[in-house]
Amino acid sequence: MRFELTEEQNMVRDMVRRLVEEEIKPKAAEIDKRGEIFPEIYQKLAELGLFGVYIPEEYGGAGMDVVSYAIVVEELSRGCASTGILVSAHTSLVVDPIYKHGTEEQKKKFLVPLASGEKVGAHAMTEPGAGTDVASISTTAKKEGDKYILNGTKHFITNGKEAGIYLVFAKTDKEARHKGISAFIVEKGTPGFSIGKLEHKLGIRGSSTAELIFENCEVPAENLLGKEGQGFYIAMECYDGGRVGVAAQAIGIAQAAFEAALAFAQERAQFGQPIANFQAIQFKLADMATAIEAARLLNLKAAWLEQEGKLFYHHSAMSKLMASDVAMRVTREAIQIHGGYGFIEEYPVERHYRDAKITEIYEGTSEAQRLTIARNLLKGIGI
Amino acid sequence: MKIAVFCKSVPDTETKVRLKGDRLDTSGIKYILNPYDEFAVEEAVRMKEAKKAEEIVAISMGPARAQEALRNALAIGADRAVLVTDDALDGSDTLATAKVLVKVLEKEGGDFDLLLFGQRAIDGDTWQVPSQVAALLDLPQATCTVALEVEPGSKAVATRLVEGGEEIHELTLPAVITCSKGLNEPRYPSLPNIMKAKKKPLTTYSLGDLGIDASEVGKNGSRTEVLSYELPPARGGGKKVEGEPEEVVAELVKFLKEEIKVI
């Protein structure tokens, strides 16, 4: 067993960490406050090849691997969780399925601008009445000649405001449950497609969360991804990989909170000495570091399994479940170590705490992960 | 133009220096490409992008791990890399190092138009090697350069910051230039370039390959030797002198005379 990153993976980690320290972390509080990621950050991410980490170069990507992708999302999230999810949702939920299921024409037309970062991708499944219960979406796509006519409303769509290309899921067969779902590539500016309200959120405020409205929106038939009725399968498959991304985000958030707490504990003096001298604080720091390391290793394993083409969805579910829980625990303890300073905006840990919560919810709730894991076990998978 | 850029693998700027006995404790140290060498690599890559240079060779002398620093130079945009590594090199001082680097330049054809160095390495901090290489090759040099204009085949115009102003030097090529902060803003190596760096050639030479005898390098071939390392004393608290001006002055003079003995 080789327990280390490759030279290239180390170089990626070093580069992204430096980028984050110099250009993203100093702006993270302002990104949170203003509710948007600044254009110069998008540009930097695109220039550096971070929008298509594991997509081959011929399709505009960087030609690296899934482990590098997990590293990129973790390091970005360590500086700014909103920037982390921008890349994660874009890559796992739009770029990945088009790479895996797109025709050569679709890849040339949509994957190249997405993987090169010229355009941002957004994945549109969730509706007001359909969250975890994906099969109950009510957006419809009716075929008329060489077009599909989309009608319906999506909400809680990550990257919804900035995206140029949307992967939209709609029922081509209203009567069927999950087998009636199909996936469509929809470009911004398509007549009949508009962006509705933007949500105000507890955390990841720099990441847009938008409502998408389709009113007799005509989508060319060649924009159907895969076959009719394959949408549910395409979505579920990309969520498996998306969990590696969200777990990496959670680990990055936890790492940031831990680092802040470690530094604070050594600077803050009470009773004539740094609070890091007190065992109560030391135990917290030890538990935090241990939990983060365990979560990171589990996620790297899930990423490695995915890269190797092995069965990985069991591990990615476990990883996302664990990493999101670790992020919640670690950020809470980071505030506790900061005391009152942890509760105010001048210190970053209140933001980390707010950012952590969503990782227990999106890309499948923690409860849904447990169900997946348990069902796998009962089928004899992962034992 | 053919440009040589010299690269050193040094401990990360965040390193907490620890001692093991009177030697440096190198366990757990993360090594990076010397930040001043990054300015040199970036400057060379910009000249290549401006079609002023055809080839950039990154050169390092050091242990095997120096490969990582060279890979970084390749990811920024150098074309190929050369590493001189040999156990006998351990303990080489700056002059012994400069002699080895001169041999590398000869081995690589000796037809370099420009030799770019970082002005200093952040570990040894001697600032000596570039000037020693220039002296050994009898080449003109400009150190601590903050602006550089090169006319291939003819000259380089280098601007250095000096107290109260700037000094502008015109140098006939080939020349040695050492790069300072402010010369440029080094780029981040992009992911595609990190992948490309993996495929670029990295040649390794031993002393034998360069025709150097082990007695000319290492401790034996060096005129200076590091005897031991010491950490700087921990910084003490400041002293505040309070009271009426006459009292303060008297107390301060006493302090300067008796306690720190500077007057």
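Values quoted throughout were computed directly from the atomic coordinates according to the rules given, and no laboratory measurement underlies them. Note that the structure is a prediction, hence the values are computed from the model and not measured. Using ideal geometry, Cβ is built from the backbone for each residue, glycine included, and neighbour counts are taken over all protein chains shown.
As a check on your grasp of the helix formula, calculate [θ] at 222 nm for the protein assembly as shown: sum -39500 (n - 2.57) over DSSP H runs of n ≥ 4, divide by the residue count, round to the nearest 500. Counting only the DSSP helices, I get -12000 deg cm²/dmol. Computed 3J(HN,Hα) for region A:9-21, one whole-Hz value per residue from the Karplus formula 6.51 cos²θ - 1.76 cosθ + 1.60 where θ = phi - 60°, is 4, 5, 5, 5, 4, 4, 5, 5, 4, 5, 4, 5, 4, glycine and proline marked x.
Kirkwood analysis of region B:131-204, using all unique Cα-Cα pairs, places the hydrodynamic radius at 14.5 Å.
Listed by chain and number, the aspartates and glutamates whose C-alpha is less than 16 Å from the C-alpha of A:Lys171, apart from same-chain residues fewer than 8 away, are A:Glu127, A:Asp133, A:Glu144, A:Glu215, A:Glu218, A:Glu228. Taking chymotrypsin sites (Phe, Trp or Tyr not before Pro) across region A:181-275, the ones in a DSSP loop with at most 15 further Cβ atoms lying within 10 angstrom of their Cβ are A:Phe271.
Here A:Asp146, A:Asp240, A:Asp65 are placed in order of increasing Cβ neighbour count within 10 Å, fewest first, which gives A:Asp146, A:Asp65, A:Asp240.
Residues A:Asp133, B:Asp93, arranged from fewest to most other Cβ atoms within 10 angstrom of their Cβ, appear as A:Asp133, B:Asp93. Net charge in the neighbourhood of A:Asp32 (other residues with Cβ under 15 Å of its Cβ; Lys, Arg +1, Asp, Glu -1) is +3.
Backbone phi angles across region A:147-154, fed through the Karplus curve with coefficients 6.51, -1.76 and 1.60 (θ = phi - 60°), yield HN-Hα couplings of 9, 10, 9, 9, 9, x, 10, 9 Hz in residue order; Gly and Pro are listed as x. Once backbone amide H atoms are built at 1.01 Å from N, B:Asp25 has B:Arg18, B:Leu19, B:Lys20 as its partners under 5 Å, excluding neighbours fewer than 5 places away on the same chain.
Looking at chain B, the DSSP beta bridges with both ends there are about 45 percent antiparallel.
A simple rule links phi to the HN-Hα coupling: the Karplus curve 6.51 cos²θ - 1.76 cosθ + 1.60 with θ = phi - 60°, which for region B:243-258 gives x, 6, x, 4, 5, 4, 4, 4, 5, 5, 4, 4, 4, 5, 6, 8 Hz, with x for Gly and Pro.
Might you report the magnitude of the Cβ-based charge dipole of region B:2-216 about its Cα centre, with Lys and Arg at +1 and Asp and Glu at -1, to the nearest 20 debye?
Details: 26 positive and 34 negative charges, 170 e Å.
Charge dipole, region B:2-216, about its Cα centre: 820 debye, nearest 20.
Near the amide H of A:Glu127, under 5 Å away, which other amide H atoms are found, from residues 5 or more places off or on another chain, if H is placed in the peptide plane? Under 5 Å from the amide H of A:Glu127 lie the amide H atoms of A:His155, each far enough along the sequence or on another chain. Projecting the Cα positions of B:Leu95, A:Phe169, A:Asn10 onto the charge dipole of the protein assembly as shown (unit charges on Cβ atoms of Lys, Arg, Asp and Glu, taken about the Cα centre) puts A:Phe169 furthest along the positive direction. Of all DSSP beta bridges in the protein assembly as shown, what percent run antiparallel (nearest 5)? Here the antiparallel bridges make up roughly 60 percent for the protein assembly as shown.
Residue pairs exceeding 32 angstrom between C-alpha atoms, taken from B:Lys8/B:Lys240; B:Lys155/B:Lys198; A:Lys154/A:Lys357; B:Lys16/B:Lys51; A:Lys284/B:Lys198: B:Lys8/B:Lys240; B:Lys155/B:Lys198; B:Lys16/B:Lys51; A:Lys284/B:Lys198. Here the dipole of the protein assembly as shown is about 1960 debye; that uses its Cα centre as origin and unit charges on the Cβ of Lys and Arg (positive) and Asp and Glu (negative). Remark on A:Lys143: its backbone amide H falls under 5 Å from those of A:Ile149, a criterion applied only to residues 5 or more positions apart or on other chains, H modelled at 1.01 Å from N.
Residues with beta-carbon under 11 Å from that of A:Val349, excluding A:Val349: net charge, scoring Lys, Arg +1 and Asp, Glu -1?
-3
Fewest-first ordering of B:Ser154, B:Ser190 by other beta carbons within 10 Å of each residue's beta carbon gives B:Ser154, B:Ser190.
Helix B:35-49 and the longest principal axis of the C-alpha atoms of chain B enclose an angle of approximately 40°.
Considering only chain A, what is the antiparallel percent among its DSSP beta bridges, to the nearest 5?
85 percent
Around B:Val253, what is the net charge, scoring Lys/Arg as +1 and Asp/Glu as -1 over all other residues with Cβ under 15 Å from its Cβ? In short, -2.
Mean per-residue shielding of peptide A:39-48 is 1, counting Cβ atoms of other chains within 10 Å of each Cβ.
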